[in-house]
Amino acid sequence: MPAKSKKQQMFMGAELARKRAGQKTTTGMSEGQLKDFASTARKGLPKSKSPNLKSSKEEMRKYVKGKKKK
């Protein structure tokens, strides 16, 4: 699942760096999932996501649950 905004892409990149350094992350996502978000090209992404934050969190939860089953 690609990142929806530049902020989300940068946050996931920071989380990926923490995960690789062996530190605790706040997302609870695997390294592969973080890499999917962090590797999104920034060109064409909005600076930040629209104020509908609740739906964004729900989408991310669905994505994480779907990846864990595979």
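The values are calculated or read from the model by the stated rules, or taken from the named source; none is laboratory data. Computed from a predicted model, the values in this text were never measured in an experiment. The accessibility values were calculated without ligands, DNA or RNA, using every heavy atom of the protein model including side chains. Shrake-Rupley method; radii C 1.70, N 1.55, O 1.52, S 1.80 Å.
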> What ranking of Glu31, Glu15 comes out by heavy-atom accessible area, probe 1.4 Å, highest first?
Replying inline: Glu31, Glu15
> Top to bottom by accessible area (1.4 Å), largest first, where do Lys6, Lys62 land?
Replying inline: Lys62, Lys6
